[in-house]
């Protein structure tokens with residue numbers, strides 16, 4: 001395959017590159033803001049659109065809606081990757097950012113389920129699908145656009161602004177939510193104020209379009225177009241180009257699988273963990289995530305620049321291996337700092353549930369057995385438990401909850417007041433279910449641990465835009481990059497909150513969901529070690545692939 005035109009393109013000036021980085025990064029921040037605002041306001045969205053008596057089910061339905069958007073990212077990657085390789089990089093991601101802005105604002109206008117019934121969650125899912133399609137085209141376009149403007153020796157650094165912008169979207173979503181909470185009374189924010197961050201996306205859309213309209217087409221694409229070297233069918237050629245199947249496999253599991261599960265564990269799992277089972281005050285958690293995320297953005301730039309010297313493989317391998325070692329200690333540390341009383345109570349007064357037919361189905365609106373309802377209550381309270389029961393009634397097992405030696409017969413409880421009585425029994429044994437505001441020293445410790453997660457994410461993400469751009473031939477680069485990236489991010493990462501939440505609910509262990517991240521990263525580390533080329537960065541070449 002000829003790549004001569006792509007290798008002789010005009011070098012942009014420093015001013016042009018600054019505009020390219022600024023416009024692409026700003027658009028990426030706004031687009032990811034649109035996507036993350038859904039997760040940031042997960043609890044309120046659940047109450048508005050997915051109401052349920054089973055609080056665990058309500059949250060899982062929110063995360064299922066979150067996952068749906070990610071599930072459609074690969075389709076967006078195929079569609080917009082095709083357009084980007086055929087029609088150009090610039091106009092393709094103008095379309096993606098417009099679609100994202102309109103879909104996000106739409107979520108803010110949907111009546112609640114109490115008003116229009118089942119239509120409410122259906123419309124939410126529809127808008128999440130549009131968001132997923134848009135995001136499937138956005139990242140590839142922005143990353144390639146910057147990479148194809150950057151000089152080879154600075155490609156890692158310049159494209160790292162795109163990676164940092166993803167965190168910037170998360171930070172912006174929290175910043176806007178905090179501002180709205182400060183300006184809107186708490187009861188009004190719960191009732192209608194949570195819609196404001198969604199509607200603000202129209203303003204961000206206008207700013208993003210204004211900046212991106214000022215851009216010119218990628219010089220690499222212009223050169224290929226003038227030479228008649230653009231792909232005829234980028235999607236098909238992505239799988240028929242010599243060696244590309246192997247490169248797509250490596251990009252999917254050895255790069256994207258690692259970075260996306262670490263990223264969502266670092267930011268979204270931490271957010272849910274602190275607000276949920278650790279019971280930290282919601283506004284404080286948002287401030288902690290805001291500060292941690294804002295500082296962590298700089299890590300991506302440092303890693304991107306470092307990769308221009310040492311190559312793209314080394315940071316990713318180091319980050320993946322460190323994650324396997326540190327993921328559980330980092331969360332254990334956050335738990336002990338955020339709610340030391342809960343951890344102490346769980347050690348001094350462990351909870352053991354006994355009974356026949358004892359199982360908990362997180363997706364059931366109503367649990368089938370008394371024991372299942374008890375497990376549902378403990379899960380909603382964020383209390384870890386051990387289970388001693390059976391699936392059948394062949395052997396009688398007393399229907400009890402043992403809390404540090406104090407035994408409660410749950411078969412005699414009034415079902416309407418069951419949770420309150422279980423909570424009272426737990427509180428009598430030292431469990432504290434009040435909203436937690438840890439001392440300043442603990443808060444600083446949590447920030448430090450989150451920054452540790454931020455560095456792990458930066459190591460595995462900071463140089464990725466440059467690496468993926470260098471892995472694939474220019475004429476099918478948009479499609480070849482976007483397809484594995486968004487399959488990995490869409491399914492391995494997008495379903496992480498749902499899968500981790502399900503594992504946690506089934507086991508009663510708030511840390512058990514981390515095994516999903518650990519397993520994906522462990523497999524990805526093996527693939528990355530095998531499949532990513534070592535040594536200094538280099539332009540794509542069939543000889544080096």
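The values are calculated or read from the model by the stated rules, or taken from the named source; none is laboratory data. Keep in mind that what you see is a predicted model, and the values were worked out from it rather than measured. Reconstructed Cβ throughout: ideal geometry from the backbone, glycine too, with neighbour counts over all protein chains shown.
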Could you list, in sequence order, all residues of segment 231-266 that are surrounded by 21 or more Cβ atoms within 10 Å (Cβ to Cβ) and either part of a loop (DSSP other than H, G, I, E, B) or not assigned by TED's automatic domain parsing to the domain that holds residue 323 (or both)?
-> 231, 241
Return yes when residue 469 is closer than 20 Å to residue 302 by Cβ and crowded, with 24+ Cβ neighbours inside 10 Å and no when it is not.
-> yes
Among residues belonging to segment 486-508 that are touching a residue at least 12 places away in the same chain (Cβ under 8 Å) and more than 21 Å from the chain's Cα centre (by Cα), point out the one that is surrounded by the fewest Cβ atoms within 10 Å (Cβ to Cβ).
-> 506
With 383, 325, 352, 366 as the choices, which residue is surrounded by fewer than 17 Cβ atoms within 10 Å (Cβ to Cβ) and part of a loop (DSSP other than H, G, I, E, B)?
-> 366
Scanning segment 392-410 for residues that are surrounded by fewer than 16 Cβ atoms within 10 Å (Cβ to Cβ) and modelled with pLDDT of 80 or more, which turns out nearest to residue 375 (Cα to Cα)?
-> 409
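Yes/no per residue for (1) in contact with a helix residue (DSSP H, G or I) (Cβ under 6 Å, 6 or more places away or on another chain); (2) over 21 Å from residue 268 (Cα atoms); (3) surrounded by fewer than 22 Cβ atoms within 10 Å (Cβ to Cβ):
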residue	(1), (2), (3)
296	yes, no, no
305	yes, yes, yes
312	yes, yes, no
319	yes, no, no
330	yes, no, yes
Could you tell me whether any residue of segment 428-435 is more than 24 Å from residue 335 (Cα to Cα) and either out of contact with any strand residue (DSSP E or B) (no Cβ under 8 Å at 6 or more places or on another chain) or without any contact (Cβ under 8 Å) to a residue 40 or more places away in the chain (or both)?
-> no
Residue count, segment 403-420 (criterion: in a strand (DSSP E or B) and under 37 Å from the mean Cα position of the chain (by Cα)) | 1
Selection from segment 421-443 of residues that are in a helix (DSSP H, G or I), surrounded by fewer than 20 Cβ atoms within 10 Å (Cβ to Cβ) and in contact with a helix residue (DSSP H, G or I) (Cβ under 9 Å, 6 or more places away or on another chain) = 421, 423, 441, 442, 443
Answer yes or no as to whether residue 150 is assigned by TED's automatic domain parsing to the domain that holds residue 491, outside any helix (DSSP H, G or I), touching a residue at least 40 places away in the same chain (Cβ under 8 Å) and closer than 29 Å to residue 460 by Cβ.
-> yes
Counting only helices (runs of 4 or more DSSP H) entirely within segment 154-202, those with at least 1 residues that are crowded, with 16+ Cβ neighbours inside 10 Å and either modelled with pLDDT of 90 or more or outside the structural domain of residue 110 (by TED's automatic domain parsing) (or both) are 155-183, 196-199
